[in-house]
Amino acid sequence: MTRANAAGIVSLTSALLVVLSLLAGATVSEADPPPHAMARAFMPGERLTYALSYLNMRAGTAVMEVREAPPVAGHPALKLLTTAKSSPVVTKFYPVDNRVESTIDADTLAPYRLIFQRREGKKHNDFDVTFHHDQHTVTSIKDGNGETLPIPPNTHDLISCLYYVRSLPSIQPGSPVVLNIHHDKKNYRVEVRVEGTERLRMVSGERETIRLLVIMPFQGLFLNEGNIRVWLTNDERRVPVMMKAKVIIGSVVARLIE
């Protein structure tokens, strides 16, 4: 395995933190009204573990958890914790040990604060982003350097958008979807297309899933070479069960294993 291939694998290990978050069931645009209380499709205590493979080789593991959190400004809150680590084989070429922590409003699911500790090879970055939704700004600190930046209404962070869209009332095939995402001091509008349903074999048995195509509008965040497909269960929980993306050589697949 070359260093470039290893970098591609762990870039997709990190991509799991984001791509699984780029799921949506309704258009979220700048003209939408302020967030309102939603019926959640998830509860504190949920823990999802994913295995990442490259050319049938185990490349890494990612875990997504929902935890209780202290109230923020008198509002109930939840903590969304996601970690991603490279496998022992990949670690020899390009070690990854990432941690993302998002604190969100327990009712509207809007993000309050994101803390992202990125450890990929020799690249070490620390992000601390605080959202001021009433002012349409974020205070973004990267590696100790901070600034206040504008954001559009209904902007989510890398993790909160997944849990927000899982709780939307419906997902309809055939309609394009747009989400506002803030990452690394930039705002992105990410399009998601619902392609249809598909039955997948999982550890818990065969399940019907919804297949989504994520249109990536930017380059350089990951070493993927195109769009990414994501499958989530076609039920009230909408659990992300698989994703697939091309890298420099071949493809990386993330599968829910626990």
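The values are calculated or read from the model by the stated rules, or taken from the named source; none is laboratory data. Bear in mind that the values here come from a model prediction, so they are computed numbers and not experimental data. Note that we place each Cβ from the backbone using ideal geometry, even for glycine, and neighbour counts take in every protein chain shown.
Here Gln135 meets each of (1) in a loop (DSSP other than H, G, I, E, B); (2) under 30 Å from Tyr54 (Cβ atoms) with one exception, condition (2).
Conditions (1) of a type outside the set (Ser, Thr, Tyr); (2) more than 20 Å from Val230 (Cβ to Cβ); (3) in contact with a Pro (Cβ under 7 Å, 6 or more places away or on another chain); (4) touching a residue at least 60 places away in the same chain (Cβ under 8 Å), marked per residue:
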position	(1), (2), (3), (4)
Pro70	yes, yes, no, no
Thr82	no, no, no, yes
Pro88	yes, yes, no, no
Glu101	yes, yes, no, no
Asp107	yes, yes, yes, yes
Gln117	yes, yes, no, no
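Total residues in region 101-128 satisfying the condition of being assigned to a loop (DSSP other than H, G, I, E, B) and of a type in the set (Asp, Glu): the figure is 1.
Applying the criterion of being crowded, with 18+ Cβ neighbours inside 10 Å and touching a Gly at 6+ places or on another chain (Cβ under 7 Å) to the residues of region 211-258, the residue that is modelled with the lowest pLDDT is Leu223. For region 139-156, does any single residue satisfy the condition of being part of a strand (DSSP E or B) and under 17 Å from the mean Cα position of the chain (by Cα)? Yes, there is a match, as at least one residue in region 139-156 is part of a strand (DSSP E or B) and under 17 Å from the mean Cα position of the chain (by Cα).
Can you find a residue that is more than 22 Å from Val192 (Cβ to Cβ), surrounded by fewer than 18 Cβ atoms within 10 Å (Cβ to Cβ) and in contact with an Asp or Glu (Cβ under 8 Å, 6 or more places away or on another chain) anywhere in region 122-136? There is at least one residue in region 122-136 that is more than 22 Å from Val192 (Cβ to Cβ), surrounded by fewer than 18 Cβ atoms within 10 Å (Cβ to Cβ) and in contact with an Asp or Glu (Cβ under 8 Å, 6 or more places away or on another chain).
Restricting attention to region 150-174, the residues that are surrounded by fewer than 18 Cβ atoms within 10 Å (Cβ to Cβ) and modelled with pLDDT of 80 or more total 3. Quick one: in region 55-75, which of the residues that are closer than 30 Å to Thr91 by Cβ and more than 20 Å from the chain's Cα centre (by Cα) is surrounded by the fewest Cβ atoms within 10 Å (Cβ to Cβ)? Once the filter is applied, the top-ranked residue is Asn56.
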